[in-house]
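Everything on this sheet refers to the single structure shown next.
The values are calculated or read from the model by the stated rules, or taken from the named source; none is laboratory data. On a predicted model such as this, the values are computed, not experimentally measured, just so you know. Cβ sites come from the backbone with ideal geometry, for glycine too, and all protein chains shown count toward neighbours.
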Amino acid sequence: VGDRIRLYTFADNHDVARIYSKLRNKEHMIPVTLLLYMMPGIPSVYYGSEFGIEGDKMRDSDWNLRPCLNLSDFDEEAPLPSLMRRLGAIKADFPEATYGDYRELLLTNRQFAFARTLDGKAIVTAVNNDDQPAHVEIKLPVAASRAVNLLAAKDHSEEEVKEDETAKRQEIKDRLQEISGQLLGASGEIKESAAGLREDTFGVDTEKDIRDQVKQPLLRLRDTLKNLERIINDYEQCAGMAVSAQTQITADCETFEIRDGKLIADLPANRGIVAYLTQ
């Protein structure tokens with residue numbers, strides 16, 4: 001990869017037609033931009049192309065490729081320049097995006113996925129060049145249990161992602177300990193209520209006496225059992241978050257998870273993902 005990272009990569013320049021003019025489907029600017037930044041090489045954006053301006057190469061002149069632009073005429077917060085800023089931050093913050101080895105993971109006539117791997121870590125980029133959503137299942141290039149959507153994790157560096165992971169694990173651990181305490185308390189209440197019922201049944205001779213004697217304790221016991229069931233459900237849900245080998249993120253793709261050694265995503269039409277794989 002040492003030679004590849006020094007390559008100067010571009011989608012257009014001052015000598016060729018603007019990429020936006022070449023694209024029959026203008027929505028393809030998003031996948032093109034993802035590939036420009038995440039494939040091996042040093043990405044170059046010809047001025048104005050961050051706003052999707054057009055310009056065809058003419059036989060006798062290149063001046064239409066080199067217009068004078070007034071930045072006040074453009075929205076710097078529009079989707080395309082915003083995406084480029086985010087991808088630039090990813091290149092700066094994640095060494096895998098610049099120095100990682102390239103590995104192709106998926107290739108069809110409409111979808112493409114590849115990884116940049118470095119020191120056992122990886123960033124996976126997947127694009128969908130179709131006008132319809134696409135379901136993709138991509139074999140993991142490295143061992144991982146969680147995927148962070150870097151296009152959604154605004155201004156997150158690699159270190160911040162790791163710190164975020166640690167904080168989330170501690171939050172789940174604290175919650176499990178809290179629920180465990182609730183389980184102990186509810187179990188104690190059930191044991192106490194059952195012992196009380198057993199004691200109340202001694203010394204009663206008639207059906208009516210039994211009914212009157214145990215009515216309220218039974219109601220309390222039933223309420224305690226319902227509370228115990230709720231606590232158990234909470235524990236199962238929280239424990240599932242802690243031990244599950246899949247993660248779902250709702251952001252630039254509809255579903256985004258790791259399962260059975262694969263990165264699984266439902267990609268929207270003409271869009272893509274950049275996923276940082278973590279343990």
### Query
How many residues, within the stretch 36-57, are at pLDDT below 90 and over 21 Å from residue 26 (Cβ atoms)?
0
### Query
Does residue 140 satisfy the criteria of being closer than 15 Å to residue 35 by Cα and under 20 Å from the mean Cα position of the chain (by Cα)?
no
### Task
State the number of residues belonging to the stretch 1-60 that are of a type outside the set (A, V, I, L, M, F, W, C) and in a loop (DSSP other than H, G, I, E, B).
21
### Query
Looking only at the stretch 113-143, which residues are surrounded by 22 or more Cβ atoms within 10 Å (Cβ to Cβ), in contact with a helix residue (DSSP H, G or I) (Cβ under 7 Å, 6 or more places away or on another chain) and within 12 Å of residue 97 (Cα to Cα)?
116, 122, 123, 125
### Query
Of all the residues that make up the stretch 53-95, how many are touching a residue at least 60 places away in the same chain (Cβ under 8 Å) and of a type outside the set (Phe, Trp, Tyr)?
7
### Query
Before we move on, is residue 85 within 26 Å of residue 17 (Cβ to Cβ), under 19 Å from the mean Cα position of the chain (by Cα), of a type outside the set (Val, Ile, Thr) and surrounded by 12 or more Cβ atoms within 10 Å (Cβ to Cβ)?
yes
### Task
Could you list all residues from the stretch 18-31 that are of a type in the set (Val, Ile, Thr) and over 10 Å from residue 270 (Cβ atoms)?
19
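If you scan the stretch 86-110, which residues turn out to be part of a strand (DSSP E or B) and not basic (Lys, Arg)? Explain how you work it out, then say what you get.
So in the stretch 86-110, the residues part of a strand (DSSP E or B) come out as 101-107.
101, 102, 104, 105, 106, 107, listed by residue number.
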## Note on the structure
Out of (1) of a type in the set (Val, Ile, Thr); (2) closer than 30 Å to residue 107 by Cβ; (3) without any contact (Cβ under 8 Å) to a residue 60 or more places away in the chain, the one residue 30 does not meet is (3)
